[in-house]
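Have a look at the structure below before the remarks.
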Amino acid sequence: MVSICGGDEDNDMSLAVKRPHPLADDEHLSALLSSLDGGLVRFGDEGYDTARLGTVWSQDVCKGDARKAFSPETHPTETWNLDSCGLPAAIATVADVADVQACVKYCAASGELLAVAGGRHSHKCMVFGSFVVDLQRLRSATFEERDAQGYLVCGGGALNGDAHKALDGTGFMMTLGHHPGTGLGGLVQQGGHGPCEKTMGLSIDALHEAEVVLADGTLKICS
């Protein structure tokens, strides 16, 4: 929450910013830090703003033939809805599934509010005072063909554009959204609308299997 405080006689103005609480330096945080392969930044740390806001796409990269070079390098993960982007207490950029499990277990043990940042279109991915699990390092999309069936295998941080690029030239397609920066996790879980839905159904209709980390940190394969 940002509030404007009245100034002095010269009408100077100042900003009073509500700060998120610091993480408790306890055994729960120590256990997390000892097991985390990714990175953790807390409010006030160097790199916090970059972790919170992501990287804005370059207009030059997003035009013309350059669009075909879609990748985490050319089109990095960006926080889109800045009007609802709060100040999390901490942001963990996880490196693998084990990191996700460790973060979920930490929040369950410490009572910290958990938020998840995938494609970052959600109004709930950077909640004030939350502990954010940032999935951008788990951003991958590959195509596999098994017994004449096509499978799109995506990491938790995969975007629409990653999926389009992986399917390009394969002869296979599924319903995907219009915006290349939309996260596939949110798209699929909310149904998933797109140009192909009248013939192929919603995105979720194509879901075959998912790795799911439960609220207690355990990993389940769901199909």
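The values are calculated or read from the model by the stated rules, or taken from the named source; none is laboratory data. Everything quoted here is computed from the prediction, not taken from an experiment. Backbone-built Cβ (ideal geometry, glycine too); neighbour counts: all protein chains shown. What goes into the accessible areas is simple: the full protein's heavy atoms, side chains included, and nothing from ligands, DNA or RNA. Shrake-Rupley method; radii C 1.70, N 1.55, O 1.52, S 1.80 Å.
Values computed for the structure shown
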{"item": "Evaluation of Phe172 against (1) touching a strand residue (DSSP E or B) at 6+ places or on another chain (Cβ under 6 Å); (2) under 30 Å from Val41 (Cβ atoms) (one fails), failing number", "result": "(2)"}
{"item": "Candidates Ser110, Ser130, Ser84 - the one that is modelled with pLDDT under 95, farther than 21 Å from Leu207 by Cα and among the hydroxyl-bearing types (Ser, Thr, Tyr)", "result": "Ser84"}
{"item": "Sole exception among (1) closer than 26 Å to Ala92 by Cβ; (2) at pLDDT 95 or above; (3) not β-branched (Val, Ile, Thr) for Pro180, by number", "result": "(2)"}
{"item": "One residue from Gly157, Gly186 being in a loop (DSSP other than H, G, I, E, B), in contact with a Gly (Cβ under 8 Å, 6 or more places away or on another chain) and under 25 Å from Leu113 (Cβ atoms)", "result": "Gly157"}
{"item": "Options Asp37, Asp12, Asp45; residue that is modelled with pLDDT under 95 and of a type outside the set (A, V, I, L, M, F, W, C)", "result": "Asp12"}
{"item": "Every pair of residues 6+ apart whose Cβ atoms lie under 7 Å, when the first sits in the stretch 33-61 and is closer than 21 Å to Glu112 by Cβ while the second is open to solvent by 80 Å² or more (accessible area, probe 1.4 Å) and among the aliphatic types (A, V, I, L, M)", "result": "Leu40/Leu33"}
{"item": "Residue satisfying condition, being of a type outside the set (Val, Ile, Thr), more than 24 Å from Ala24 (Cβ to Cβ) and in contact with a strand residue (DSSP E or B) (Cβ under 9 Å, 6 or more places away or on another chain), within set Ser71, Ser130, Ser122", "result": "Ser122"}
{"item": "Residue satisfying all of: in the stretch 126-150; in a helix (DSSP H, G or I) and in contact (Cβ under 8 Å) with a residue 60 or more places away in the chain; farthest from the chain's Cα centre (by Cα) among these", "result": "Arg137"}
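Residue-wise test of (1) without any contact (Cβ under 8 Å) to a residue 12 or more places away in the chain; (2) within 20 Å of the chain's Cα centre (by Cα); (3) open to solvent by less than 50 Å² (accessible area, probe 1.4 Å).
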residue: Lys165; (1), (2), (3): no, yes, no
residue: Phe172; (1), (2), (3): no, no, no
residue: Leu184; (1), (2), (3): no, yes, yes
residue: Val188; (1), (2), (3): no, yes, yes
residue: Thr199; (1), (2), (3): yes, no, no
residue: Leu207; (1), (2), (3): no, yes, no
residue: Ala215; (1), (2), (3): no, yes, no
residue: Ser223; (1), (2), (3): no, no, no
